[in-house]
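These notes concern the structure reproduced below.
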Amino acid sequence: MVVNYRTHFSIDSFNVGLGTMRLLSVLSGLLLVSSTSTIGATVPQSFSGSWLLNGQYAPPSTTGNMPFSAENITEEFFVTLVDHFNLQNRDTWSNRYLSLMDHFVPTGPILIFLGGNSPISTALIDETTLINEMARELGGALFAFETRFYGESLPTADLSVENLRLLNTEQILADLADFVLHLRRSVIGNPFAHVLVAGTGLGGGLATWFRVRYPHLTDAVWSSSGYLNAIYDFQEFSSGWAETAIQVGGRECYNSIFVAFHVAQNLVEAGFERLMYEMFNICEPIDAEDRLDVSYFFSVLMTSIEVYTLRNGDVLEFEKVCDYITNGGFGTPLEALADWFNKRFEEDYGCIIVDLDTSVENFRTADPDDEVNASGARQFLYQQCTEYGWFFTTDSDLQPFGERVQMELYYEMCRRTFGDWITTESMYRGVERTNDHFGGSSPVVQQIHFTNGALDPWRYASVLFSLNSYALADVIPWQLAGADLRATSVETDSQELLEVKARLKELLESYLFPLNPRRLVTSG
């Protein structure tokens, strides 16, 4: 039986370019990790910025005014199993992908960019991207692959907890294995076509894990700012963000944020929590007696500034936020933080709900057409709670956000959303199991290249050092995540970035065709 559950998304209407996506999704979003994180809810409207949870990067083009068109990118579907590991269930469903054959020549390679935990979009493989540039130079067929349960790739009728048991890394990789076989046999017509798999964020992790699990189906892998090491308490994210704040905005930026958060924390503890209601654009006063509500409030503040500064992968925008907070002429750092927060999130979203129970309700619906679910937020939260972790906390002493955001908050978020079967032990063991299966930050893998931005806090979940002679790593100076995803631009790329892109293309080509280079157009 073929199952084809499809939402009402259209490719043209969903653009994952970060410049066009709303900043906040569900304020419950600000909480979790947007692979980029989590956030909550607002009045009168709810947030829909799934990228906070996803951490997917589709940066805008840096190729000047060069015209480009996505009209030749087509939407396709292929049939795969609902459950690859249950011999008693032979049901199938239709998995979505995007296809671009403009550059393909006979015997050319297959290039696949993974959507990770976001619905796929033409922005992943259009002419503004480096992978499109590689396809043109290698004569390759280019595809974007959508992860099960995201976008229109729904193997079940809804997103109930019972159905989400089919959302796990092994099932996703098995889908991808079937996809490679489908492309070789039915699309390319060459069962021996060479395959490159690439991705960013979770997609970069999935690409790496696919090489670990199915080395016979892929010849080369590119992990751009990939999340590879599952981390239960991801305290390194906030300390990594602090490092970037000091480098970009100076010690004054860090100090101002430190003072603002600690003063706010002390005011709440001293019984002046109503001042937070009066200063910040929140819908109701904080219940200072409720430890989780206090934790949730500070998580919203923390994640809002973390995600906002990182949302476009632009160091200059990060610098502008620091400048606003430190040089805006405010009486105190807390006043500066409140003014920045209110102006960024009040006009479009109304007041911000910082009540944990209300925020959890945004994640509890199983309807795939719900705005939160259409963005991938519920799905990725489920994966965080069961496999990956990546929860931002204030457990490190090397960050400015106080001490109130701890793992208890995320455990309660997971339990209240998905059920009492989730425990702190199950969450921790799920993270450990993922690393046991795939190697964490030291996977046993070859013919892969890792790239990361030196200023990206997510680098602490990635691979920053070469693992062996065929698994090299580049950390790009003065870059956040995503700079290497854009097509090469001699006008805007730094010299270091140009060198990384050239080396990346050369290495991946050598992995694809070690004895017979296939580059059709020389770089540069």
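The values are calculated or read from the model by the stated rules, or taken from the named source; none is laboratory data. Nothing here was measured: the structure is a model prediction, and the numbers come from that model. A quick note on method: Cβ atoms are made from the backbone with ideal geometry, for glycine too, and the neighbour counts reach across all protein chains shown. Surface areas here come from the heavy atoms of the whole protein model, side chains and all, with no ligands, DNA or RNA. Shrake-Rupley method; radii C 1.70, N 1.55, O 1.52, S 1.80 Å.
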Taking the stretch 299-322 and keeping residues over 15 Å from L480 (Cα atoms) and among the small types (G, A, S) leaves S299, S304
All conditions in (1) open to solvent by less than 50 Å² (accessible area, probe 1.4 Å); (2) at negative phi; (3) outside the structural domain of Y382 (by the TED database); (4) not hydrophobic (A, V, I, L, M, F, W, C) are true of G201 except (2)
Every listed condition ((1) assigned to a loop (DSSP other than H, G, I, E, B); (2) at pLDDT 95 or above; (3) farther than 30 Å from Y308 by Cβ) holds for T488 save (3)
Over the stretch 487-509, the set of residues open to solvent by less than 30 Å² (accessible area, probe 1.4 Å) and in contact with a Pro (Cβ under 8 Å, 6 or more places away or on another chain) is E509
Those residues of the stretch 289-313 that are surrounded by fewer than 19 Cβ atoms within 10 Å (Cβ to Cβ) and either in a loop (DSSP other than H, G, I, E, B) or in contact with a strand residue (DSSP E or B) (Cβ under 9 Å, 6 or more places away or on another chain) (or both) come to a total of 2
Quiz item: Just to be sure, is S442 among the small types (G, A, S) and open to solvent by 10 Å² or more (accessible area, probe 1.4 Å)?
Solution: yes
Here, helices (runs of 4 or more DSSP H) confined to the stretch 342-389 with at least 3 residues that are open to solvent by less than 10 Å² (accessible area, probe 1.4 Å) and touching a Leu at 6+ places or on another chain (Cβ under 7 Å) are 356-364, 377-383
S256 vs (1) surrounded by fewer than 22 Cβ atoms within 10 Å (Cβ to Cβ); (2) in contact with a helix residue (DSSP H, G or I) (Cβ under 9 Å, 6 or more places away or on another chain): all pass except (1)
Of the residues in the stretch 445-483, those that are open to solvent by less than 20 Å² (accessible area, probe 1.4 Å), within 18 Å of L512 (Cβ to Cβ) and not in a loop (DSSP other than H, G, I, E, B) come to I448, H449, F450, T451, A471
Per the filter on the stretch 244-281, residues closer than 26 Å to P457 by Cβ and hydroxyl-bearing (S, T, Y) are T244, Y254, S256
Filtering the stretch 327-339 for residues that are modelled with pLDDT under 95 and closer than 15 Å to Y254 by Cβ leaves a count of 1
